[in-house]
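The values are calculated or read from the model by the stated rules, or taken from the named source; none is laboratory data. Just so you know, these numbers come straight off a predicted model, no measurement behind them. Neighbour counts are summed over all protein chains in view; Cβ atoms, including those assigned to glycine, are modelled from backbone coordinates with ideal geometry. Just the protein is used for accessible areas: all its heavy atoms, side chains included, with ligands, DNA and RNA removed. Shrake-Rupley method; radii C 1.70, N 1.55, O 1.52, S 1.80 Å.
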Amino acid sequence: MESLTGTTTDQAPANPAATDDMLATQPVGYWCGLTHTTVTRHLRDAMAKIDATQPQYWVLNRVNGGPTAPSREEVVAQLTHLADGPHEIARIVDQLLHREWLRIDDGQRLHLTDAGETARVRLRELATEIRAVVHQGISDEEYVAALKVLRKMVANVEGDGTPGNPS
């Protein structure tokens, strides 16, 4: 790996106590994984306190978020890649129907009920509050720069094999 000064930087073992001058040698997978786990746990713990889950929020947003009401199959297909397993989103739809946060029309399309919209709005407020905690001390510019770096890393790995040249 080359550093900004053009010298080669060895990959160091993950070290949560790494000093700033050591961060360039830290494995990005470790830090991305730790960030994902920590932030997701914090969000899910907060949602649990109001008897809701992050996947329920995804489904409520998806049902609310399009120009036409989606079918159950469309919601499952669009959200399964985020879920903890291939059947989780279908189960969440069932939970939300049972809870009467969703309803199905005669055309087999999903719609939010008034209770579902109330829950979606409350979960959005909570997610916004959690985002403020997570982003404390981080400017929008820093956040965007971090995401651009991560996006570039993904492109480097998923590209055509030439570093810095995504397909």
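Taking the stretch 98-119 as the range and being more than 23 Å from the chain's Cα centre (by Cα) and under 29 Å from Thr37 (Cα atoms) as the test, only Arg99 passes.
Every residue, every condition in (1) polar (S, T, N, Q); (2) open to solvent by 80 Å² or more (accessible area, probe 1.4 Å); (3) closer than 30 Å to Val93 by Cα; (4) at pLDDT 95 or above, yes or no:
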position: Glu117; (1), (2), (3), (4): no, no, yes, yes
position: Glu141; (1), (2), (3), (4): no, yes, no, yes
position: Ala155; (1), (2), (3), (4): no, no, no, no
position: Gly161; (1), (2), (3), (4): no, no, no, no
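May I ask you to list the residues in the stretch 38-65 that are small (Gly, Ala, Ser), open to solvent by less than 30 Å² (accessible area, probe 1.4 Å) and farther than 17 Å from Glu88 by Cα? Residue satisfying the conditions is Ala46 alone. Whether any residue in the stretch 4-19 is modelled with pLDDT under 95, touching a Ser or Thr at 6+ places or on another chain (Cβ under 7 Å) and open to solvent by 50 Å² or more (accessible area, probe 1.4 Å) is what I want to check. Within the stretch 4-19 (the criterion being modelled with pLDDT under 95, touching a Ser or Thr at 6+ places or on another chain (Cβ under 7 Å) and open to solvent by 50 Å² or more (accessible area, probe 1.4 Å)), the answer is yes, since at least one residue qualifies.
Each residue in the stretch 102-128 was checked for being out of contact with any Leu (no Cβ under 9 Å at 6 or more places or on another chain), acidic (Asp, Glu) and touching a residue at least 12 places away in the same chain (Cβ under 8 Å), and 1 pass. Taking the stretch 7-101 as the region of interest, the helices (runs of 4 or more DSSP H) fully inside it that hold 1 or more residues being among the charged types (D, E, K, R) and touching a residue at least 24 places away in the same chain (Cβ under 8 Å) are 72-79, 88-98.
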